[in-house]
1. Of all alpha-carbon pairs in the range 1-149, indicate the percentage at a distance above 19 angstrom.
2. So for the chain, averaging the separation of alpha carbon pairs under 8 Å that are six or more residues apart and normalising by length, what relative contact order in percent results?
3. Between residue 217 and residue 258, what is the label-point separation in nm under the 7 Å Cα-to-beta-carbon projection?
4. If contacts are Cα pairs under 8 angstrom and at least 6 residues apart, what is the relative contact order of the range 108-188 in percent?
5. Can you give the Kirkwood hydrodynamic radius of the chain from its Cα pairs, in Å with one decimal?
6. Would you work out the relative contact order for the range 54-109, in percent, from Cα pairs under 8 angstrom that are 6 or more residues apart?
7. Tell me the mean residue ellipticity at 222 nm calculated for the chain from its helices only (DSSP H runs of n ≥ 4, each -39500 (n - 2.57), averaged over every residue, nearest 500).
8. What does the charge count near residue 111 come to, summing +1 for each Lys or Arg and -1 for each Asp or Glu among other residues with Cβ under 12 Å from its Cβ?
Amino acid sequence: RAKAEGRGVIRSFDSSMDKRMHDQRILQRDLQGAIARGELELHYQPQATVDCTVYGFEALVRWRHPSRGLLGPATFVPVAEESGLIVEIGEWVLREACREATTWQSPLKLSVNLSPVQFRHGDLVQLVHGVLLETGLNPTRLELEVTEGVLVRDFSRALYTLRALKALGVQIAMDDFGTGYSSLSYLQAFPFDTLKIDKSFIARLAKDHHADEIVRAVIGLGRGLNIPVVAEGVETDLQRSFLEREQCQNIQGYLIGKPLPIGDYGALTDPSTEMDEIEAQPVPRRQ
Ligand code: C2E
Ligand code: MG
Ligand code: MG
Ligand code: MG
């Protein structure tokens, strides 16, 4: 700060940086005890075939902050990654989601997001193995979602870990496909089980012919490589029907359902509590 004295521009830049860092520090401090205080929650978003049959859920973490209300991951996951707290949070998420999925009456698939930090710290393979044993969840029902950020740093170690995870019988999805730098080479390096087309492309469908072509190309790529594709962020039936025409297998987005507490999807996880407008039906898994 001292250096900035008398230099207005630099100082105001400095103090807004200070404020941001201060806010981040407070958030980080609050987050420290959030798990112990039971402030973290999982919401679940349905994943469906392109004809809208739900076959699984993605667990998405939220933080019920005592004064700031319900916070989404964009607010606190980066802070947690920076401080390393994401390792503990990720462990909680995985255990909680797997435990939850074992209570479902139908054997729906469960998707859980992993942070690149979890690949670098802590024993991820040991964790997943332990949680599967402890909860009794069938590994074939679990899919771990990673972004290419996982492979950017320490490529060979990440690859080793992904292979070891797959050897446990779980599936691996590449999330946010198309947004990073070298997704294509990662597709070659590792046999991903699912490709999730980033929602930014879906949002531009029918508005921007580049988006149309990119989405078409990714679907074609998935078909060629025999990797099922999930389109993320599908909000309209127009988008859905485009995807159906292009033979995209799966969709996720507000059109099917928003991320909600699992109780709100009780009719899907326990089909015996009937709700006639939606029907749950696990789809056959690709082997
Ligand atoms: P993601 O894994 O790509 O998850 C999809 C995000 O898109 C979710 O945001 C979801 O609410 C949002 N979304 C789904 N459908 C629609 C739609 O139709 N329209 C729009 N506009 N958005 C839609 P959310 O829950 O805020 O999560 C953001 C990101 O935070 C996730 O992106 C994931 O990368 C990360 N995240 C969430 N939960 C966890 C977690 O437990 N661990 C880690 N490491 N990261 C997590
Ligand atoms: Mg995801
Ligand atoms: Mg995504
Ligand atoms: Mg993401």
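Quick note: the coordinates plus some simple rules give every number you see, no bench work behind them. Nothing here was measured: the structure is a model prediction, and the numbers come from that model. Glycine gets a Cβ as well: all are built from the backbone with ideal geometry, and neighbour counts include every protein chain shown.
1. Details: 6658 of 11026 pairs.
Roughly 60 percent, once rounded to a whole number.
2. Values: 433 pairs, mean separation 55.2, N = 287.
The normalised contact order for the chain reaches 19 percent.
3. The answer from the label model is 3.4 nm.
4. Numbers: 84 pairs, mean separation 28.8, N = 81.
Answer for the range 108-188 is 36 percent.
5. On the way: mean 1/r = 0.0491 Å⁻¹.
Every distinct Cα pair counted, the radius reaches 20.4 Å.
6. Numbers: 28 pairs, mean separation 20.7, N = 56.
In percent, rounded to a whole number, it is 37.
7. Values: 12 runs with 129 residues, N = 287.
Calculated at 222 nm, the ellipticity per residue is -13500 deg cm²/dmol.
8. Working: positive: 109, 141, 196; negative: 58, 143, 145, 175, 193, 232.
Local net charge: -3.
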